[in-house]
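Trainee: First the structure, which I've put down as structure tokens, then a few questions once you've had a look.
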Amino acid sequence: MKDKSTIVRFLLCAVLLAGVIVWGVAAGVVKLEMPRAITLNQDRIIKLCLLVFGVICIESLLTFILRHIKTKSHRARSVLSVLASILKYVAAIIILCWGLAILGVNLTTIAASVGIIALIIGFSAESLIADIVTGAFIIFENQYNVGDIIEVDGFRGTVTDIGIRTTSITDPAGNIKIINNSAMKNILNRSDNVSLSISDIGVPYGTDLARLEAGIPGLMQEIYNNHKDMMVAVPRYLGVQELAESSVVLRFAADVHEPDLYVGMRTMNHDLLLGFRKLGVEVPFPQVDVHFDKDVKL
């Protein structure tokens, strides 16, 4: 969706740019010197339109190219994402400064006031500056990159975009959380680690536990053979986890790749249920036993 929006914006700006060029040629706009007074006329309007549409067109084209550069390195993808974000701000600055010059504003006078303006902005936009500075440190220190799986304040997902102000994280359900870079604290980067997928499954109290445990190693090997692309090693039986109200809960663990953490848990539950049935053990379901006293008359 973002790529389509970039293409549409690029084409729209290109068409508008071409229209303004034709307009300028028809109007005979050939003077290139910067005017000294702010007076709106056809020449200046044409030049301003050429500037705006031209800069936006170039920015859209460069952003489209950066987002379509194929690279397997998470680090390279992060740098490209930041460059695409910086392009927007650079384009805005160029349009502002050059546009003022076209309108006849004396930029030397404006530059002399930059110190005062910067001081005012510094106090009024402290959070903005903090986001930008933190974003620079995130890239330079390689804390996380585009494509990494991280967890921030209980939200776990894949980093899909890193800008100079914000970071976008997408969870397995497709929900996108946008966090200011200055708020990216206590980050847990799980990309390079093997995750432990836990599965708890209950068996009836009347189950011959020793007999069941004798068949578990073969079942674990079978599950691993069917899912070698997901599991790093043969799943492990950890023992009795809980003596619940209607079942004995057994715990199993499998080392999986981080992106397969939840898929691994669901796969283990599925295969353990079918495997226990093959071993002659039916997983119990919640039920209520009602006992009547023979001496009580209803």
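The values are calculated or read from the model by the stated rules, or taken from the named source; none is laboratory data. If you're wondering where the values come from, they're calculated on a predicted model, not measured in any experiment. Cβ coordinates were reconstructed from backbone atoms using ideal geometry, including for glycine residues, and neighbour counts include every protein chain displayed.
Trainee: Of everything in region 142-169, what is farther than 21 Å from P259 by Cβ and not in a strand (DSSP E or B)? Give them in sequence order.
Mentor: Of everything in region 142-169, those that are farther than 21 Å from P259 by Cβ and not in a strand (DSSP E or B) turn out to be G163, I164, R165.
Trainee: Could you please tell me which pairs satisfy a Cβ distance under 7 Å, a separation of 6+ or placement on different chains, a first residue in region 170-186 that is in a strand (DSSP E or B), and a second residue that is small (G, A, S)?
Mentor: Pairs that qualify, where the first residue is in a strand (DSSP E or B) and the partner is small (G, A, S), are T170/G157; I176/S168; K177/G157; I178/S168.
Trainee: So which residues in region 208-233 are closer than 14 Å to G275 by Cβ, touching a residue at least 12 places away in the same chain (Cβ under 8 Å) and either outside any helix (DSSP H, G or I) or of a type in the set (A, V, I, L, M) (or both)?
Mentor: L212, I216, L219, M220, I223, H227
Trainee: Tally up the residues in region 239-252 that are closer than 11 Å to I198 by Cα and crowded, with 16+ Cβ neighbours inside 10 Å, please.
Mentor: Within region 239-252, residues that are closer than 11 Å to I198 by Cα and crowded, with 16+ Cβ neighbours inside 10 Å number 2.
Trainee: Looking at (1) surrounded by 14 or more Cβ atoms within 10 Å (Cβ to Cβ); (2) closer than 30 Å to L66 by Cα; (3) of a type in the set (D, E, K, R), can you tell me which one R236 breaks?
Mentor: For R236, the exception is condition (2).
Trainee: Still on this structure, please answer the following. Quick check on my filter: what residues within region 263-284 are touching a Phe, Trp or Tyr at 6+ places or on another chain (Cβ under 9 Å) and surrounded by 20 or more Cβ atoms within 10 Å (Cβ to Cβ)?
Mentor: Passing the criteria: M268, L272.
Trainee: Still on this structure: For region 29-141, please list each of the helices (runs of 4 or more DSSP H) lying entirely inside it that holds at least 1 residues being out of contact with any Lys or Arg (no Cβ under 6 Å at 6 or more places or on another chain), within 30 Å of K185 (Cβ to Cβ) and at pLDDT 75 or above.
Mentor: Counting at least 1 such residues, we get 42-67, 74-102, 126-140.
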